[in-house]
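Trainee: I'd like to ask you about the structure that follows.
What follows draws every value from the coordinates through simple rules; no lab data is involved. All of these numbers come straight from a predicted model, not from anything done at the bench. Every residue, glycine among them, receives a Cβ derived from its backbone with ideal geometry; neighbour counts consider all protein chains shown.
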Amino acid sequence: MSIAASFGLSLLGLFVLPVVVSGCLADRRGGAPWYEARRDPTGQAPDPATTQEAVVQVYAARAVSWRGVFSVHTWISVKPTGAERYTRYEVLGFGVANGAPTVRVDRTGPDNYWFGVKPQIIFDRRGPGADVMIENIRAAIARYPYPHEYRAWPGPNSNTFTAYIAREVPELGLDLPSNAIGKDFLPGGALFAAAPSGSGFQMSLYGLAGFVLAVDEGLEINVLGLNVGFDVAVPVVKLPAIGRLGLDR
């Protein structure tokens with residue numbers, strides 16, 4: 001076998017095998033239908049009754065049903081200083097074909113289980129500066145360019161929304177999971193943009209092919225929405241469907 005053929009097979013395996021492994025490891029939730037899975041609070045958001053400072057959190061959880069094999073779903077929860085409750089912002093595809101807006105507010109609590117899956121906190125900022133950040137996040141949400149358009153793949157979807165907010169509010173410095181399919185879909189068909197973290201740049205062809213090169217994300221190569229990459233600063237390896245393997249930042 002030629003070197004070129006061997007390289008091609010290795011590259012194919014790098015994108016395909018992690019998806020197969022993710023499919024084998026997928027949580028079946030005991031065989032219960034996804035719509036019957038738990039959606040109660042996880043207790044990860046600080047209690048507003050005892051936390052007066054402003055809070056900004058971003059969560060990620062495996063997407064619903066078969067989509068969870070490939071991708072996570074992300075959302076943003078905020079609480080200004082002294083506020084008695086959180087506001088949760090996310091994009092959902094349910095009902096959009098029948099006229100529902102894509103951006104949903106407070107469909108559930110700030111940190112609730114996502115149809116049986118406990119979310120992970122991927123960003124947590126509190127105290128000084130968080131109130132200004134919340135104002136900027138809300139202004140960016142009002143400018144989101146796809147209020148009535150949703151596509152699970154390659155976007156615009158929930159991760160397109162979160163990545164858009166991150167680019168519009170660079171002080172977030174948000175490093176989204178590499179398996180947040182849709183984050184590389186650039187609004188308006190743009191070919192180049194800042195990386196979601198604001199620490200580098202990316203090139204993307206409608207979220208189907210491209211790359212990210214940034215201090216926070218490291219190097220990510222996107223093929224059909226699946227990302228392979230590494231971050232030598234942490235260090236971390238990023239695999240399609242599985243996400244990051246290595247140390248936390």
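Trainee: What do you get for Rg/Rh of the chain when both radii come from the Cα atoms and Rh is the Kirkwood radius? Working shown, then result.
Mentor: Working: Rg = 18.1 Å, Rh = 18.6 Å.
Rounded to two decimals, Rg over Rh is 0.97.
Trainee: Order these by the 10 Å Cβ neighbour count, fewest first: THR51, THR102.
Mentor: Final ranking by Cβ density, sparse to dense: THR51, THR102.
Trainee: Sticking with this one: Could you pull out every residue, at least 5 positions away or on a different chain, whose amide H is within less than 5 Å of the one on VAL236? Hs are placed 1.01 Å off N in the peptide plane, and Pro or chain starts have none.
Mentor: ASP231
Trainee: Residue by residue, what Karplus-based ³J(HN,Hα) values in Hz, rounded to whole numbers, does region 111-119 have, using 6.51, -1.76 and 1.60 with θ = phi - 60° and x for Gly and Pro?
Mentor: With coefficients 6.51, -1.76 and 1.60, one gets 10, 5, 3, 9, 6, x, 9, 6, x Hz.
Trainee: Run the helix sum for the chain: -39,500 (n - 2.57) per DSSP H stretch of 4+ residues, divided by residue count, reported at 222 nm to the nearest 500 deg cm²/dmol. Numbers along the way, then the final one.
Mentor: Numbers: 3 runs with 47 residues, N = 249.
Here the helix-only value at 222 nm equals -6000 deg cm²/dmol.
Trainee: How do SER77, SER22 line up, fewest other C-beta atoms within 10 Å first?
Mentor: Numbers: SER77 23, SER22 20.
In increasing order of surrounding Cβ atoms, one gets SER22, SER77.
Trainee: Taking the chain as the reference, fit the longest principal axis to its C-alpha atoms, fit the long axis of helix 158-168 to the helix C-alpha atoms, and give the angle between the two in degrees, 0 to 90, nearest 10.
Mentor: With both axes taken from Cα atoms, the answer is about 70 degrees.
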